[in-house]
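What follows is one structure encoded as structure tokens, with my remarks underneath.
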Ligand SMILES: [Zn+2]
């Protein structure tokens, strides 16, 4: 049986925009733990200027609070770092990858396209967050589909399916993560949108920021359309949520 915890792995705030969460998942299975995204890490909190640089800290509004890091959340649930066997990255941006170094023994799952974008030295990433030599597991495209979208299967040793679902655009290899829970699915859409309200509104004020931050804005908008279709066609089968909207945490989850 898979137990899913929704946890906040950090906070970003650039007024006048609302405070943004780092909504990660802890997948708890008897064979081990997996995280979806790693949030702001301990090293980011301790050496922010060295790891991220002042310009990025200010532009993204990083807030540094050790108690919010994934490692502290994992420990608060009674586990240790080496209980986390897998981390699945939606993409490698600094607010998603900072916690990787706190789990040096975990396998890090990432799409082939995102890995290539990282290796190519795209300046959006923070190289210091990857200096500990992460154990990458790189996933190429497969002849597999999930609700008519392409998908890539992750073998985590769980009896529930976990898939990478390409939602390219925000970055060149950005993916959602689909997790089977009984006969329903969770879909973590990462940064395919910043706020859920964008799905209903083509002219939401945050969309200009999303367009500016996208590696490929046409792909980002196409991914957006895919999510609208999924949300409209399968409301009873798929619960989707993103990384940065505090309003999307289930009521019982630990946000603070
Ligand atoms: Zn982000």
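No value in this document is a laboratory result; all are computed from the given coordinates. All values reported here derive from a predicted model rather than from experimental measurement. Using ideal geometry, Cβ is built from the backbone for each residue, glycine included, and neighbour counts are taken over all protein chains shown.
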Once normalised by the length of the stretch 1-143, the mean sequence separation of its alpha carbon contacts under 8 Å that are 6 or more apart gives a contact order in percent of 23 percent
Assertion target for 23, 29, ordered by fewest C-beta neighbours within 10 angstrom first, is 29, 23
For the stretch 24-170, shape from the Cα gyration tensor axes a ≥ b ≥ c, cut at a/c of 1.5 then a/b versus b/c, turns out oblate
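Among DSSP beta bridges whose residues both lie in the stretch 3-248, state the antiparallel percentage, nearest 5. Working shown, then result.
Working: 29 of 46 bridges.
Restricted to the stretch 3-248, the bridges split so that about 65 percent are antiparallel.
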When 96, 224, 5 are ranked with the fewest other C-beta atoms within 10 Å first, the list becomes 5, 224, 96
Summing -39500 (n - 2.57) over every DSSP H run of at least 4 in the chain, dividing by its residue total and rounding to the nearest 500, the 222 nm mean residue ellipticity is -6000 deg cm²/dmol
Note on the chain: contact order normalised by length, alpha-carbon pairs under 8 Å, 6 or more apart, percent, works out to 18 percent
Final fewest-first order of 42, 186, 100 on the 10 Å Cβ neighbour count is 42, 186, 100
In whole angstrom, the spacing between the Cα centers of the stretch 130-150 and the stretch 1-64 equals 21 Å
Which of 164, 77, 27 fluctuates most in a GNM of the chain (C-alpha springs under 10 Å)? That residue is 77
